[in-house]
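The structure's right below; bear with me while I get my questions together.
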Amino acid sequence: MEHIVRLDSRKEAALQSIAEKFVATHKGDAMKALKEMIVLNGRLQEQLDAAKTSRRGNRLI
């Protein structure tokens, strides 16, 4: 999982702002926010994988 994302300063500032708001919704608990983000990303990955599988199935017909 070695994918490095490079952001310009404007995108970095926007990402920082969003991250701060996300941590704030978890009452400042960065570890809790990180754990939730991991869970959310896992769910999104599962949905993407399911969509890819269903599209592959449609092409076989």
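To the nearest 10 degrees, how steeply does helix 30-60 sit against the main Cα axis of the chain, on a 0 to 90 scale?
For helix 30-60, the angle is close to 20 degrees.
Taking a probe of 1.4 angstrom, what is the accessible area of Ile18 in Å², to the nearest 10?
About 110 Å², rounded to the nearest 10.
May I ask for the angle, rounded to the nearest 10°, between helix 9-24 and the longest principal axis of the chain, with both axes built from Cα atoms and the value confined to 0 to 90°?
80
Determine how large the accessible area of Ser54 is when every protein chain is in place; take a 1.4 Å probe and give Å² rounded to the nearest 10.
My reading of the accessible area for Ser54 is about 60 Å².
Carbon and sulfur atoms: what percent of the 1.4 Å accessible area of the range 14-61 do they account for?
In the range 14-61, the share of accessible area belonging to carbon and sulfur is 62 percent.
List the aspartates and glutamates whose Cα sits under 17 Å from the Cα of Lys27, skipping any in the same chain fewer than 8 residues away.
Glu36
Got a sec? What order do Glu46, Glu12 fall in by accessible area at 1.4 Å, biggest, i.e. largest, first?
These residues rank, largest area first, as Glu46, Glu12.
What value, in deg cm²/dmol to 500, does the helix sum -39500 (n - 2.57) over DSSP H runs of n ≥ 4 give at 222 nm once divided by the residues of the chain?
Dividing the helical sum by the residues of the chain leaves -27000 deg cm²/dmol.
Would you mind getting the accessible area per residue of the chain, heavy atoms of the protein chains only, 1.4 Å probe, in Å²?
Result: 98 Å² of accessible area for each residue.
The values are calculated or read from the model by the stated rules, or taken from the named source; none is laboratory data. From a predicted model like this one, the values you see are computed outputs, not experimental measurements. Only protein heavy atoms, including side chains, enter the accessible area calculation; ligands, DNA and RNA are left aside. Shrake-Rupley method; radii C 1.70, N 1.55, O 1.52, S 1.80 Å.
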